[in-house]
1. Look at A:M185 and say whether it is within 14 Å of chain B (Cβ to nearest Cβ), part of a helix (DSSP H, G or I) and under 30 Å from A:L392 (Cβ atoms).
2. Here is a list of conditions, (1) among the basic types (K, R); (2) more than 14 Å from every other protein chain (Cβ to nearest Cβ); (3) free of Cβ contacts under 8 Å to residues at least 24 places away in the same chain, and B:K250 meets all of them except one; can you say which number that is?
3. For the stretch A:111-168, list the helices (runs of 4 or more DSSP H) that sit wholly inside it and hold at least 2 residues that are in the same structural domain as A:A319 (by TED's automatic domain parsing); which are they?
4. Here are some conditions: (1) in contact (Cβ under 8 Å) with a residue 60 or more places away in the chain; (2) out of contact with any Leu (no Cβ under 9 Å at 6 or more places or on another chain). A:G191 meets all but one. Which one does it not meet?
5. Could you tell me how many of the residues in the stretch B:216-247 are assigned to a loop (DSSP other than H, G, I, E, B), of a type outside the set (V, I, T) and within 11 Å of chain A (Cβ to nearest Cβ)?
6. So, in the stretch A:38-79, of the ones that are within 13 Å of another protein chain (Cβ to nearest Cβ) and without any contact (Cβ under 8 Å) to a residue 40 or more places away in the chain, which residue ends up surrounded by the most Cβ atoms within 10 Å (Cβ to Cβ)?
7. Say whether the condition of being free of Cβ contacts under 8 Å to residues at least 60 places away in the same chain, of a type in the set (K, R) and surrounded by fewer than 23 Cβ atoms within 10 Å (Cβ to Cβ) is met by at least one residue in the stretch A:311-320.
8. Quick check on the stretch B:70-111: of everything there that is small (G, A, S) and over 15 Å from the mean Cα position of the chain (by Cα), which residue is modelled with the highest pLDDT?
Amino acid sequence: MKKALLFVLCFVMALGAFAAVQAQDVVEINVPTMRIGINSSAEWFAERSAAFNAEYGDRIKVNIEEIAGDQNLVDKIKVLYSANSLPSAFDLGGYNVIDMMKDQLVDLTPYIDEETRANASDICWEVNTRDGKILGMPFTRQVIGYFYNKEHFAAAGIEKPAETWEEFFEDCEKLKAAGFTPLSMDTADSGWVTSLMLGAMIGGTDEGEVWMNTALPTDYNTEAFIDAATKIQYMFQNYTTPDAIGGAYEHAAANFFIEETSMIANGPWMVSDFYDTTMVDEDFADKIGVAMYPGAVMYNSGKIGWQVGAKDPKELEAAITYVKFMTSVESQLKMLEMTGDTPAADVASDNVYPLVNETTALTENAKHSINDFQSLWYANVVDEISVQYPLLAQGTITPEEFAQALTDTAQKN
Amino acid sequence: MKISKWKIAAFLTPCILLFSLVFVIPMLIIIVTSFFDWKAGGIFNFVGLNNYINAFTADKRMHQAIINTLIWVALQATIHVSLGTLIAYLLSMKVKGWKVFRTIYMIPNVISSSVLAVILVNVFRAKGGLVNGIITKITGTTFTKNWFFDSDSAFITVTLTWLIYTGLIVIIALAGFMSVPEEIIDAARIDGASDAKLLFRIKLPLIRTVLGTCVILAATSKLTEFELIYLTTGGGPGDMTINLPLYLYKTSMIDNNYGYASMMSVVLVLFGVICVFLIHRIFRMNEADI
């Protein structure tokens, strides 16, 4: 009996030792993500994670930390940065922390060979480069116009999307006269939809285009900015829904989905929702068109990609492998097909909704290509927009005071 | 039985160590760093009292945050506690159904702040909100007031998200009313005391320390209030509903100005200490009557 017990004990210990040796060969990396739950790319992330595990699971174990909400993930990364313990790899959906964290992010330049470089266009690499160091690996591009309801336009006697802002406002009047609320707008969470309109107005001139492509601006007291803020104020007061003030993107989108509003500024990742009959009527997608902003302006820029914070050499190697996998052309195409997000590489797929390709095609005729505010402006300015928009909308502050408030905030950095 | 000092020390040491580790040491770190310009990116320079001077002389948002915080503390310590005490007094009369009412009234206090915030956002929504819906029904014309974001209603609407939910105060004050000895009440009645006199001359003075506890709990809860404001107005429109904890969060997490946020933490702790000290004095908390 004793011998049998001794044998079992030895066997268990040997098994444990073998497992421990095996486990030592597997490198663990930590990857926090907000691509979960109702996030539009949650399905993509899950599919890619499964594919990565199938290919590298015997060598690399990815510990995924699920954090709901983009801003919560950004906050978490900031806390980790202040504790000098950034995760092995992370992406923030284009949110820019590179400028703040460049001292702790891994310089990826030595790991970018020709094959990897071909995975993204030059403009995408530029956005992820600081002082000649590549600090982010791009995998998507920012292409944003605005969507409009063709039925509403037809009922209001509008033949085609406006080419100038004067025409745009005339169209808003026509839509209003026809009984529609022209615009979906918001103020919460940086007022994404509203701020896209604001940026498009600023970027309608050569000078404005340069400004909208400038990283971390500290002076908003420009003529173009104040003029755009004046137009935004007018839009809030005349052309949008009562819940726009204080409302978030979800409210703006819901108003567009239920066909209460006629236009919404957003990127092609929204297109899949046009076909989701839990949110919209069955034929909704057929009613929707996409357009450039007046003045032939399009958001068309690189986007901040995956960043690496691993310090241990083995962990770093594993993190690079992981990031290269997540940013590969295959992953980009999957992203395009599953979410409508535009790839960083110059690739296309027939397996996407037509509106997605139509949006990308618009960039070819754009006169002004601009970057979005969330990628370029200081984080506290992006937050301050939500604080100031309601006051601007209600006329409590003037466009000049709005510009000054953002300037004051930017200069705190 | 006499317990040796060594034994007392041995039992207390783990607790003191733990308390030091999770509270005293972080508090000391916050006090020290409040004198530094400490920002993301490795900036860490001693600036003496600059953070404090800037906060109290130049930072308008800080001034607004302090004013709002103090107003909410005052409202909570007075109206909120008075309302809770009144309801507790009515319940102490044990009218029919008082237990059911007590339970229902406690519900907003037992659900999470985030759930309550979501409910209230929908109650006060401009479009499709319950309040606007009722007003529309009554008046017959579409009413779309944006309660949380209109400049003239934001502060009061945020205040209403907690001012009237006095469940916790009711429970504590009710226990206080119930603990007043029946003999004293009977004696007062024999002497011809009316219900009003019983309340103001006998019951309230006797539960003075209980009410003091209620005021401390209510007032300090507004020094730490964060979720309901963050999830409803985010401190807006403008700075109309910002308070110290929310400004502290934004300074730390969005501006990444950790030194300045530490200064705010110190100010907040000082406010708390002063608040508790004053309430102790006003309610003579260390003098028991029952």
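The values are calculated or read from the model by the stated rules, or taken from the named source; none is laboratory data. Everything numeric here is computed off the predicted structure, so don't read it as measured data. All Cβ positions, even for glycine, are placed from backbone atoms using ideal geometry, and neighbour counts span all protein chains on display.
1. For A:M185, the condition - within 14 Å of chain B (Cβ to nearest Cβ), part of a helix (DSSP H, G or I) and under 30 Å from A:L392 (Cβ atoms) - is not met.
2. (2)
3. Numbers: elements: A:114-117, A:122-127, A:150-155.
So the answer is A:114-117, A:122-127.
4. Unmet condition: (2).
5. Step one: filter the stretch B:216-247 for residues assigned to a loop (DSSP other than H, G, I, E, B), giving B:224-226, B:233-243.
Okay, now just the ones that are also of a type outside the set (V, I, T), so B:225-226, B:234-240, B:243.
Now restrict to residues that are within 11 Å of chain A (Cβ to nearest Cβ): B:234-240.
Looking only at that region, the number is 7.
6. Initial filter on the stretch A:38-79 (within 13 Å of another protein chain (Cβ to nearest Cβ)): A:68-69, A:71-79.
From what is left, the residues that are without any contact (Cβ under 8 Å) to a residue 40 or more places away in the chain are A:68-69, A:72, A:75, A:78-79.
Numbers: A:A68: 11, A:G69: 14, A:N72: 12, A:D75: 17, A:K78: 19, A:V79: 13.
Here the answer is A:K78.
7. Let us first name the residues in the stretch A:311-320 that are free of Cβ contacts under 8 Å to residues at least 60 places away in the same chain, namely A:311-313.
From what's left, of a type in the set (K, R): A:311.
Those still in the list that are surrounded by fewer than 23 Cβ atoms within 10 Å (Cβ to Cβ) too: A:311.
For the stretch A:311-320, residues free of Cβ contacts under 8 Å to residues at least 60 places away in the same chain, of a type in the set (K, R) and surrounded by fewer than 23 Cβ atoms within 10 Å (Cβ to Cβ): present.
8. Within the stretch B:70-111, the first condition is being small (G, A, S), and the residues that meet it are B:74, B:77, B:82, B:84, B:88, B:92, B:97.
Narrowing further to those that are over 15 Å from the mean Cα position of the chain (by Cα): B:88, B:92, B:97.
On the way: B:A88: 93, B:S92: 90, B:G97: 82.
So the residue we want is B:A88.
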